[in-house]
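The values are calculated or read from the model by the stated rules, or taken from the named source; none is laboratory data. Given the structure is predicted, the values throughout are model-derived calculations rather than measurements. Reconstructed Cβ throughout: ideal geometry from the backbone, glycine too, with neighbour counts over all protein chains shown. SASA here: full protein model, heavy atoms, side chains in, ligands and nucleic acids out. Shrake-Rupley method; radii C 1.70, N 1.55, O 1.52, S 1.80 Å.
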Amino acid sequence: MDFDQAVARAGTDSLKWGHYPADVIPLWVADMDFLSPPAVVDAVRARAEHGVFGYSIVPESLVQAIVTYVERRYGWRIEAEWLVWLPSLVTGIDLACGASAAPGGDVMTITPVYPPFLRAPATQGRGLLTVPATQADGRWQLPLAAMEEAVTPETRVLLFCHPHNPLGRVWDAREVAVVVDFCRRHRLVLCSDEIHCDLLLDPLGHTPAAVAADDAADLVITLMSPSKTFNLPGLNFAFAIIADPELRMRFTAAGRGLLPYPGCFALTAAEAAYREGGPWLTELLEYLRGNRDLVQRFVAESLPAVGMTHVEATYLAWLDVRELDVPDPMQACLDAGVALSPGAAFGDPGFLRLNFGCSRGTLQEALRRLQAALA
Ligand SMILES: Cc1ncc(COP(=O)(O)O)c(C=O)c1O
């Protein structure tokens, strides 16, 4: 795949490209500008050519593709009946809040974090407890001591972003086991959003929360999706993996009457991606590593007042602009023709998030504009 080739997305109803004026380079919402794997495009095209778009059932072949993928990639043997289909991963975050806490119960999360983690508890009538991540030796860390202090008898759920958006951390097996232990001791459901788990840029390995400890399976709701990995977020498909029948029943009950069946294109694309997307994914990761290194070098050399920690996973860089002598860095970037995501939406206004999931040429031009805005 030629990831250097910039694909024009104007005129495709793209949220990323349609939100700002046409001359602004959008490095904000988390989708990539790359074509999906050829096998996915071919499969969707063949499905479209059939021309009848009735209701679908999830084919056994997709279930098997997911079971095999999860076992091969993470060594986790899941059962078909543990799967719950979702129209988007965010729906699963809301259902986890609704299913695991009584009205008035609290949901804990580690900030900064993907904005729906901060929004979903209130939408579901639950309270929100935020605990800021800490930094040691230039690396973001789990704030375990502060979590112990913040947890109350009303806390019922930990929303865990693994790997972490926007911090770019891959939580290792030991860290995940400590989180599982925390949840077990405080009787919390652990809702683990693992949507970025295939986008590891460093050779670290992803440990699903449900396998991090022997006794984890009955308290974990795992949320996964092919949409970040294979760039399919516009097809609306994700799934939960819940081993415990009681927890699964509460989760599905919370969504009864609200969840649409997956659409035919989502099913077709997901199966092609999981079965045949592997070689494309290997090339993608190589390319993203190059983009990550470029951003990291640029920030170190050209924006000395901006901080950036090493991105271990995701295609998102979290830029610390607290020391910058620019009154409104987000607006300054926009004025220079680049849209980033404001840190305030993630719970930390001193930061900006930069999406480097685009062609190298687009990224280079965006960095030139950033230098004009922030240097
Ligand atoms: C951590 C995380 N979870 C969920 C999502 C969105 O998933 P979906 O589009 O399937 O709701 C994103 C998208 O950026 C994300 O970063």
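Stokes-Einstein diffusion coefficient for the stretch 321-366 at 10 °C in a medium of 1.306 mPa s, Rh from the Kirkwood formula over Cα pairs: what value in µm²/s? Calculated translational D: 139 µm²/s. Radius of gyration over Kirkwood radius for the chain, both on Cα atoms: the Rg/Rh ratio is 0.95.
From the convex hull of the Cα coordinates of the stretch 115-263, what is the mean projected area in square nanometres? About 9.8 nm², averaged over all directions. Across ASP181, ASP94, the residue with the most accessible area heads the list, and the full order at a 1.4 Å probe is ASP181, ASP94.
For the stretch 276-375, the alpha-carbon coordinates run over 47, 28, 21 Å along the three principal axes, in decreasing order. Take the alpha-carbon centre of the stretch 101-130, take the same for the stretch 211-248, and report the distance between them in whole Å. When both Cα centres are located, 19 Å separates them. Rolling a 1.4 angstrom probe over the stretch 265-337 with all protein chains present gives an accessible area of which 49% lies on carbon and sulfur atoms.
With a 1.4 Å probe rolled over the protein heavy atoms of all chains, the accessible area of VAL67, VAL179 falls in the order VAL67, VAL179, largest first. Each semi-axis of the equivalent ellipsoid for the stretch 105-176 is √(5λ) with λ an eigenvalue of the Cα gyration tensor; in descending order they amount to 21, 14, 10 Å.
The charge dipole of the stretch 1-40, taken about its Cα centre with unit charges on the Cβ of Lys, Arg, Asp and Glu (plus for the first two, minus for the last two), comes to roughly 100 debye.
Here each label is just a point 7 Å from Cα along the line to Cβ, and for GLN364 and LEU35 those points are 2.2 nm apart.
Per residue, the chain exposes 42 Å² of accessible surface when a 1.4 Å probe is rolled over the protein heavy atoms with every protein chain present. THR252 contributes about 50 Å² of solvent-accessible surface, heavy atoms of the protein only, 1.4 Å probe. Each residue of the stretch 12-105 gets 219 Å³ once the volume of the Cα convex hull is shared out per residue.
Based on Cα contacts under 8 Å between residues 6+ apart, the chain shows a relative contact order of 24 percent.
Reducing the stretch 303-375 and the stretch 1-79 to their Cα centroids gives an inter-centroid distance of 26 Å. Accessible area ranking (1.4 Å probe, heavy atoms, ligands and nucleic acids excluded), largest first, for GLU71, GLU286, GLU301: GLU301, GLU286, GLU71. A convex hull fitted to the Cα coordinates of the stretch 54-113 yields 154 cubic angstrom per residue.
When nucleic acids and ligands are ignored and a 1.4 Å probe is applied, ARG297 ends up with an accessible area of around 130 Å². Over all projection directions, the Cα-based convex hull of the stretch 34-155 averages an area of 12.0 nm².
Please list, by residue number, everything in the stretch 324-344 whose backbone N is under 18 Å from a paramagnetic label point 7 Å out along Cα→Cβ of ALA22. Only 337-339 pass the distance filter.
Spin-label model, ARG45 to GLU323: label points 7 Å out along the Cα-to-beta-carbon direction sit 5.0 nm apart.
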